[in-house]
Each structure stands twice: as C-alpha cells, then as structure tokens.
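Each remark here refers to the structure printed beneath this line.
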Amino acid sequence: MKNFLVAFLIFLVWALFALWLFSWLVPSSRLISENVTSTSEIEKIKDLNKSDSTLIEEEKNTGGEISEDTLARIKNIAHVVTGIKALNEDNDIIFAFDEGISFKKNHNTILSNPSIVDYKYKVNSYLIEHPDQEVHINSLYSADENIKNPNLGVQRGMLIKKILVNTGVPAEKIVVKSIIKNLKFDNDSIYKNAIDFQFAKLNKDRIANQVEEVTVMDVPDSMLFYPNYSYEGLLADKKLQELATKINQITTQNPYLKVIIVGYTDNLNDANENYRMGLVYAQEIKAYLVKKGFVKEDRISAISNGEMYPIHSNSTEEGRRLNKRIEIKFK
C-alpha cells in the first residue's frame, strides 16, 4: 500500500508538470481559456464575420463579459470578412458588411445588394468627422480579363467614385487604385468582392498638383464649339486646346462615355458639298484630339449633319457664322 501511494504521488507530480509545460508551450490555448469562457462568446466572435464592426462597441456594453484582449482579437478576426469593408491607417476595421460589391468578367459595370448601400454614407460620415483624411478605392480586376484603357479596375473604381461624389464626398478626397489579381469567378462569371476602402492621411500635395476634375454631374449632353481655321485647315489655337483639356477631363472621370463630334455648315453650297465639309470639320477635330492624346480613338467618332438643323437664319452673315459649328456630344 505504501508503494502504491508513493507511485501515485510521483505520477501526480509528473502530470502537473506536464500540464504546466503544455500551457507554457501553447500560450494561445491559455489565452482562449482565460478570455473566452463560454460558447456564446465564441459565437459572438464568429458573428463578426457577418456583421458591421460597430458590433465591437456593442460588445463593450454587454456587462464586460469579454475582455479587452478578446476585443482586440475580434478586430483581427473581422479582417477575414468576405464583404465590403473599410480600414484606417492602422488597418483597424472602420466598417464592414457581409456582402461585397461584385462585377461580371470583362464588364465595367458593378453589382451591389441594397443591403450594403449604407457604405457610401459611412465613407462620407467618416471623412466629415476626420477632415484630415482621404479615402482610397481599391478596385480589383483580373489578369485574364480583356485589356482596356483605362483598365477595368480603374473603370469600376470610377463608378464607385461617382457614387461617393453624389453622396457628398469631395472628389479631391477620393483616390482610385486599380489592383490586378488572378481572380476566381463563379459559374456566372461574377466576382463577389471587387471593392474595398482604405482611409489615409490627406495628401495635400496631390490635391495641389492635380488637374481640376469634372464629375459625371458636370457632364453636359453636348457642347458647341466654333473652331478657327487658317488656309491650311484647323487652327490649333488656345481655344481648341482648352476644349481638348475639358474633353479629356470629362472622359477621364467618366470612362464609360463616348464622344461624338458632329460637323455643321451654313447653306451656301449644295447639300452634298455641305455634308462633305461638315464631315471634314468633324474629322479634323477628332484627329487633333486623338493625335494629341486627349481622347482614345476607340472612344470618339466623327459624323456630319451638313446644313441640316440650323440654329440661326442663314439669311445673314452672322446667322451663317453661327450655323457653321461643331457639336460635341457625350453618350
């Protein structure tokens, strides 16, 4: 009996030593046992993968059941959410949703569920509360998608920028960043999490150096232009350069827009000649915009309406001058 008790005590000592050694070698197990003491708390952590990060604050008001260490780990776990989210400079979650903004392969449109529409208000509210911050739109596109200029990541990001601007976010505080990845599309060629947001310190140098931007709200249906001509043809003067810069701003901000250059004349010649001359005028404007790099050739076309649709009487010199015009349409 004595030998049995001695053996049992030796076994008990070694067992306690083994438990101590195990807890020392595996500290994460100790963390979980100390900080998460119930199944309900574990479920709350899992639930953060499906909800807005504001639930973290709600957890703090539940009577102190979860420690600050656990809250910190909850924030880290929340980074694996598959829906749309926004991070600050320290990569802390500002907001997150269980669904993302999607797109279809080789298309520049975006798809989103009405349940996440509040993301635009959250971005706007955060920037109002933090006037020294700007927001970066991280827009994904796939390496195996069609080659576009600008790329599809930029085009999709610009659509999100338009939504934010229409919500009240200053355009100069929005930066679009396209990110190329090898994306896995579903059976309908849809990728379900195309957009994320990152808040960063406002870059005042970038704002000071950027060209004035024109948002979709500023895009007119059409613009009238009266070019100057020399004996050699279209005169590339300051007036034409200003028009080209304006068109470049509009098309850059709105990558889905097409530009149509329409030539018009007075009625001094016959209808066929007037049609030909109207087309010559339109093609010269198009050639200038493409050659100087203001607009990509696949986004611009030139047509003629000749002497049709006069806007003034052709019975006076001034009326004929005003009818001999270029109309720039955006489609």
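The values are calculated or read from the model by the stated rules, or taken from the named source; none is laboratory data. The structure displayed is predicted, hence computed values, not measured ones. We place every Cβ from the backbone using ideal geometry, glycine too, and count neighbours over all the protein chains shown. Just so you know, the surface numbers come from the protein's heavy atoms only, side chains and all, with ligands and any DNA or RNA stripped out. Shrake-Rupley method; radii C 1.70, N 1.55, O 1.52, S 1.80 Å.
Values for this structure:
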read-out	value
Cβ-Cβ under 7 Å pairs, at least 6 apart or on other chains, segment 276-302 side over 14 Å from residue 236 (Cβ atoms), far side part of a strand (DSSP E or B) and hydroxyl-bearing (Ser, Thr, Tyr)	278/264; 278/304; 279/304; 282/304
Residue that is surrounded by the fewest Cβ atoms within 10 Å (Cβ to Cβ) [pool: residues in segment 287-307 that are closer than 21 Å to residue 272 by Cβ and touching a Ser or Thr at 6+ places or on another chain (Cβ under 9 Å)]	305
Flag for residue 283 being out of contact with any Cys (no Cβ under 8 Å at 6 or more places or on another chain), surrounded by 12 or more Cβ atoms within 10 Å (Cβ to Cβ) and within 24 Å of residue 107 (Cα to Cα)	no
Tally, over segment 75-88, of residues that are modelled with pLDDT of 90 or more and not in a loop (DSSP other than H, G, I, E, B)	3
Selection from segment 240-264 of residues that are open to solvent by less than 10 Å² (accessible area, probe 1.4 Å) and among the β-branched types (Val, Ile, Thr)	247, 250, 251, 259, 261, 262
Filter result for residue 91 (touching a Lys or Arg at 6+ places or on another chain (Cβ under 7 Å) and in a loop (DSSP other than H, G, I, E, B))	no
Single match in 220, 227 (criterion: within 25 Å of residue 176 (Cβ to Cβ) and either open to solvent by less than 80 Å² (accessible area, probe 1.4 Å) or in contact with a Phe, Trp or Tyr (Cβ under 6 Å, 6 or more places away or on another chain) (or both))	220
Matching residues, segment 204-250, being at pLDDT below 80, within 23 Å of residue 130 (Cβ to Cβ) and out of contact with any helix residue (DSSP H, G or I) (no Cβ under 9 Å at 6 or more places or on another chain)	208, 209
Test for residue 98: is it within 22 Å of residue 178 (Cα to Cα) and either at pLDDT below 85 or not hydrophobic (A, V, I, L, M, F, W, C) (or both)	no
Total residues in segment 145-165, condition open to solvent by 20 Å² or more (accessible area, probe 1.4 Å) and in a loop (DSSP other than H, G, I, E, B)	6
Where residue 201 falls short, out of the listed (1) open to solvent by 80 Å² or more (accessible area, probe 1.4 Å); (2) among the basic types (Lys, Arg); (3) modelled with pLDDT under 90	(3)
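Results for (1) modelled with pLDDT under 90; (2) in contact with a Lys or Arg (Cβ under 7 Å, 6 or more places away or on another chain); (3) over 20 Å from residue 207 (Cα atoms), shown as yes or no for each residue.
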{"position": "102", "(1), (2), (3)": "no, yes, yes"}
{"position": "114", "(1), (2), (3)": "yes, no, yes"}
{"position": "120", "(1), (2), (3)": "no, no, yes"}
{"position": "128", "(1), (2), (3)": "no, no, no"}
{"position": "138", "(1), (2), (3)": "no, yes, no"}
{"position": "146", "(1), (2), (3)": "yes, no, yes"}
